[in-house]
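Comments concern the structure below.
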Amino acid sequence: MDDIDDVYGMENGEEGDYDDDYDGDDDDDNTRPEEPSTDDDNNNDDDDDDDAVNYYDQGSTDKQKKPADGKSADPQHPSPSPSSVAATPPKTPQPTTLDEIDNEHITDSKVKEELPLAPSSSSQPAPAPDMSRLKKKQGHLKDLTHLAKQHILNTQLVDRHIDADAGVIVVTWANYHYLDFVQNWVYHLKEVAGCNSFLVGAMDDALLQALLDDETPVFAMSSGLTLDDFGWGTPTFHKMGREKIRLILAFTTMGYDVLISDVDTVWMRNPLPFIRQYPDADILTSSDHLRHTVPGEELELWPDAASAANIGIMLFRKTARKLAQEWVDMLGKNDKIWDQNAFNDLFTRGMTIPDPPREDHLFGGYDRELLIGILPVSLFCSGHTFFVQNMYEKLGLLPYVAHATFQYSGTPGKRFRFKERMLWKESSGGSGSSSGKDDAEESYFSHPAGFITYNNDIPQQLLDDVKGVDRGFEVSTTIPHFNLVNHQLSKLRAGFFLATILGRALVLPDLLCGFDRWWAPHDGTIPGSELDLPFHCPADHVLDLEAMYKSHDESSYGPKIEFREYSFLKKKPARDLNASVVVIYVCSDKDDNGEGCADGKDGKAAEAATDTNSTTTTTTTTIRIKPNLSDTDLLAVLSSDTVKQAKVLDIQGNISGLYSTNNGTSTTAAFSSNATKNVMFKRRLDLYGAIWCCSDAHPGHVWYDFFWDVDSHRDRHNRDIAGGWTPLTGP
């Protein structure tokens with residue numbers, strides 16, 4: 001369909017590839033800080049639907065510059081008198097169809113506060129928009145599917161769903177691959193945040209139909225792109241990113257203020273009341289700034305918060321349409337430009353800070369034509385200020401939104417972060433019917449064999465060592481961090497081992513890290529951040545979740561190990577699981593030399609001891625077992641019906657002792673029944689470890705090693721590790 005390719009013909013340039021390991025190659029270990037993951041019009045005919053709005057080349061709309069003296073720089077458009085400023089200005093009629101856009105020149109009738117900036121040298125009014133190219137592109141509507149034709153974006157659709165009082169419509173967009181993200185986005189924005197002023201753009205008919213089944217306000221975009229994961233950094237990903245800018249242009253052209261939100265966001269509060277506090281703002285944008293400049297619910301200070309704007313969450317008033325048009329034009333002329341860089345170049349061009357500063361913290365940008373503000377990073381959170389710094393908690397605030405940026409495991413990593421923080425509706429991604437959604441939730445909170453959990457206790461000395469390290473950019477300064485993480489990897493290895501032989505799913509622990517992770521050299525914290533060390537780190541800081549979710553040949557890597565997030569058993573649907581728990585206590589040398597601790601050598605199951613708490617009247621069933629048992633002995637000692645019927649096994653004591661390393665030699669004895677199983681288990685866990693990044697070296701990253709404490713073994717890159725593990729950079 002050549003016409004569609006013409007309309008949606010922008011490729012590449014969505015984002016430059018941050019090299020996660022600082023070595024210049026193209027590893028797929030990472031995800032950039034900014035990664036996008038997007039009703040019916042009652043026209044059931046097969047005509048060209050001329051009431052539809054395209055997203056490309058919709059003409060140019062200018063806006064009067066604001067000179068320092070408050071007078072118009074354009075003699076043909078004099079500034080209003082003080083009395084007219086106080087009065088409500090007449091609303092300029094906005095186009096509702098392409099034909100009207102062709103004959104209308106949208107002007108800004110909204111009067112701003114006087115902005116004390118230098119007068120503009122330009123005094124010529126903007127030319128009327130040239131719609132000839134757009135009219136030619138309407139031919140692509142003939143190629144749309146029948147379903148898409150019935151759900152084209154138009155003003156009637158927007159008017160049905162926009163909050164008339166706020167005057168802002170919230171919009172996201174996606175393809176079918178991100179159905180669960182869309183459903184999660186809609187659920188939280190509507191049911192949790194209480195905002196009904198939204199629309200979703202469907203880039204393919206599969207998503208369009210699914211959202212219609214969900215009764216979600218949706219419009220067809222028919223981008224012609226893939227139904228699969230866009231793949232960060234790929235040409236398809238770059239094409240997809242451009243859809244956002246065309247959406248901004250489309251809505252502002254129709255005369256609407258639009259809050260664009262990437263689909264990898266979760267809304268916890270209704271953003272419209274916050275936006276209503278800034279009627280003079282033309283653009284409000286989220287930011288990658290890592291330090292708050294204000295303590296509460298107000299815009300960040302500029303230029304104090306002058307890090308790159310993040311285009312994942314942006315308010316565009318219709319008065320900013322000209323910038324949107326230039327943004328689209330820039331990307332159309334150069335498919336290598338990253339759209340976020342292009343926006344930062346545009347909005348900071350001719351940037352001027354009012355003197356004195358405005359009380360609302362707005363500043364002049366885009367050649368002093370627009371008033372722009374930076375959304376508070378503690379409330380409109382990036383993946384770092386929310387998931388890593390927990391900035392909102394430190395300030396005693398309730399955030400509006402969390403954006404899954406600054407993470408390292410692609411789409412699975414984004415999803416998992418929301419799951420960890422209990423911001424994911426498990427029914428997301430169901431069939432669209434109520435039974436499908438119920439089935440999805442029930443499936444996630446059930447397992448044929450049950451679940452395993454354990455206490456991730458950490459010696460205080462490891463935490464103190466992190467706090468006391470003389471931080472620097474050298475690899476040697478990372479040793480306290482790796483000592484802390486390696487201690488937890490030993491426990492996690494034992495958990496994966498037990499999950500493998502019992503066929504259960506493992507609930508991952510709440511991990512602690514000594515150093516942050518980034519895409520460039522640092523001394524433990526990202527420059528400019530306010531992170532306190534050590535800290536609770538998302539799983540993707542240590543584990544390669546993409547590899548863990550991926551299917552691997554079980555004849556080479558052993559059986560698949562299912563797993564859940566650390567907060568899994570804290571969620572309401574897990575109540576039945578928590579009512580069926582057996583404690584498995586792993587004894588140590590301090591436990592009366594193992595007296596009363598079963599070893600399975602006789603092939604018999606361990607006897608369970610039942611204790612009742614007199615205060616809570618709760619009953620706890622406990623089985624005590626010896627450490628360093630083989631898989632055969634473990635299966636025997638845990639073979640009772642009491643264990644098999646328990647939905648959750650809670651491992652207490654020294655869980656690391658469940659995985660025997662045969663006194664530190666290169667051959668692990670854990671799978672004594674079949675030596676090949678040891679090899680396959682190691683292969684699988686070699687895939688599960690991620691990297692830490694970065695020290696000031698080339699390469700600067702270090703791979704985590706689940707077998708760090710096994711003397712004389714080969715790591716995932718076949719390097720001989722002998723004489724004790726130390727952090728090695730690369731490859």
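Read the figures in this text as sums done on the coordinates, not as results from a lab. Just so it is clear, the model here is predicted, and its values are computed rather than measured. Here Cβ is always computed from backbone atoms with ideal geometry, including for glycine, and neighbour counts include all displayed protein chains.
At a glance:
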{"item": "Cβ-based exposure ranking for ARG368, ARG714, in which fewest neighbours within 10 Å come first", "result": "ARG714, ARG368"}
{"item": "Extension gain from ALA164 to ALA449, taking 0.36 nm per residue of separation minus the Cα-Cα distance", "result": "97.4 nm"}
{"item": "ASP711-LYS333 pseudo-label distance in nm [points 7 Å out on the Cα-to-Cβ vector]", "result": "6.7"}
{"item": "Segments 653-660, 156-163, 569-576 sorted - mean Cβ within 10 Å per residue, highest first", "result": "653-660, 156-163, 569-576"}
{"item": "Calculated FRET value between HIS698 and MET351, using beta carbons and R₀ = 45 Å, to 0.05", "result": "0.80"}
{"item": "Cut-off 18 Å (backbone N to label point 7 Å along Cα→Cβ of GLU297), residues of the range 400-427", "result": "400-402"}
{"item": "Length gained when the stretch THR726-LYS394 is fully extended (0.36 nm per residue, less Cα-Cα span)", "result": "116.0 nm"}
{"item": "Environment charge at GLN389 (Cβ cut-off 14 Å; Lys +1, Arg +1, Asp -1, Glu -1)", "result": "0"}
{"item": "Spatially near lysine pairs across the range 445-658, Cα under 20 Å, sequence gap of 8 or more or different chains", "result": "15"}
{"item": "FRET efficiency estimate (nearest 0.05) - Cβ-Cβ, GLU554 to ARG276, R0 60 angstrom", "result": "0.60"}
{"item": "Within the range 558-578: backbone nitrogen closer than 18 Å to the ARG683 label point (7 Å, Cα to C-beta)", "result": "558-562"}
{"item": "Residues whose placed amide H lies under 5 Å from that of SER672, excluding near-sequence neighbours", "result": "ASP631, THR632"}
{"item": "Global geometry of the range 375-532, whether rounded, prolate or oblate, following the gyration tensor of its Cα atoms and the 1.5 cut on a/c", "result": "oblate"}
{"item": "Cα-projected label distance for ALA609 with ASP457, points at 7 Å along beta-carbon direction, nm", "result": "1.6"}
{"item": "Length added when fully stretched, GLU562-ASP360, from 0.36 nm per residue minus Cα-Cα", "result": "67.7 nm"}
{"item": "For the range 445-658, alpha-carbon Rg relative to the globular expectation (2.2 N^0.38 Å, N residues)", "result": "1.14"}
{"item": "Exposure proxy ranking, count of Cβ atoms within 10 Å, fewest first, for ASP282, ASP720", "result": "ASP720, ASP282"}
{"item": "Using a Förster distance of 22 Å, the FRET efficiency for ASP213-VAL192 (Cβ separation, nearest 0.05)", "result": "0.55"}
